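Take a look at the structure below.
Throughout, read-outs are computed from the coordinates displayed, never taken from laboratory work. Remember, it's a predicted structure, so these values are computed and weren't measured experimentally. Positions of Cβ are backbone-derived with ideal geometry, glycine not excepted, and every protein chain shown enters the neighbour counts.
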Amino acid sequence: MSRRKLVAGNWKMHGTSADLGEVRGIAEAARRLDGQVDVALCVPATLIHRAAEGVPGFAIGAQDIHMADKGAHTGDICAAMLHDAGARLTIVGHSERRDAHREDDTTVRAKAEAALRSGLKVILCVGESDAERDAGRALEVVTAQLRASLPSEGATAVNFAVAYEPIWAIGTGKVPVTHDIAEMHAALRATLVEALGEEGAGVRLLYGGSVKASNAAEIFAVEDVDGALVGGASLTAADFVPIVEAAAA
Ligand code: 13P
């Protein structure tokens with residue numbers, strides 16, 4: 001099945017109004033390559049509104065949401081608020097949140113469901129630690145994570161994507177060999193088809209972890225890699241646009 005690639009940037013805790021020019025540069029490239037590749041940028045919550053206003057039609061996203069629709073949750077942000085600010089998608093289950101905020105699969109699933117309920121698209125992250133890979137348990141751990149954090153309803157090929165991000169590859173410059181990426185993506189594809197049937201064949205499977213212009217083409221050529229979730233190299237148009245172009249090629 002042919003799936004158009006999706007390249008999403010995750011700015012993490014980087015970016016202020018001084019960086020809105022980078023958002024414009026990235027959105028401009030996305031417009032130029034419209035129809036060849038889908039592009040999205042998940043900025044800090046404080047920038048969503050200004051970023052979205054500055055680049056109409058371009059997909060600005062959030063990096064996390066609260067699982068409840070509203071309520072007494074000091075400091076948290078719900079899906080409707082993100083939608084209202086101009087977000088069109090959100091990441092859920094990033095390993096930095098699973099780790100630092102103790103988010104388990106049940107929480108991640110509830111967050112994905114809350115996002116889909118409010119009309120936000122979802123990028124759901126999964127990935128193993130280096131200890132789990134060394135123990136030969138990567139496939140087992142990551143497919144179990146996907147099964148347990150997959151929304152119980154509402155996920156389609158249009159509104160839902162999965163990002164495989166090995167924790168040991170994030171921000172380290174280390175990337176799995178292409179054989180390991182292919183093996184993991186095949187296992188995740190099988191899990192998606194088992195859970196979602198036909199629809200699971202169309203869900204995009206992104207790779208994330210130290211993706212750069214220099215390795216993007218090789219990663220995008222791997223079977224069942226339908227795009228990338230990019231951290232550090234998404235912070236500037238100069239670094240990110242060549243990755244987007246590699247996906248469009
Ligand atoms: P880096 O691209 O900086 O390794 O980060 C990957 C990531 O965590 C994207 O969500």
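Observations on the model:
- Rg then Dmax, both in Å and based on the Cα atoms of the stretch 6-107: 14.1, 43.
- Over the chain, relative contact order from alpha-carbon pairs under 8 Å, at least 6 apart, %: 22
- Residues 73, 14 in ascending order of nearby Cβ atoms (within 10 Å, fewest first): 73, 14.
- C-alpha center-to-center spacing [the stretch 132-207, the stretch 57-93] in angstrom: 23
- Sorted by Cβ density within 10 Å, fewest first, the residues 113, 140: 140, 113
- The label-point distance for residue 135 and residue 18, in a model that sets each label 7 Å from Cα toward Cβ, rounds to 4.4 nm.
- Largest GNM mean-square fluctuation across 163, 18, 85, computed for the chain with C-alpha springs under 10 Å, falls on 18.
- Here the mean projected area of the convex hull built on the C-alpha positions of the stretch 113-174 is 4.9 nm².
- Spatially proximal lysines relative to residue 174 (Cα-Cα < 21 Å; intrachain offsets below 8 disregarded): 12, 212
- Here the label points at residue 49 and residue 72, each 7 Å from Cα along the C-beta direction, are separated by 2.6 nm in the simple model.
- The stretch 208-248: relative contact order in percent, alpha carbon pairs under 8 Å with at least 6 residues between: 53
- Of all beta bridges that DSSP places with both ends in the chain, some 0 percent have antiparallel geometry.
- Order of 126, 55 under a 10 Å beta carbon neighbour criterion, fewest first: 55, 126
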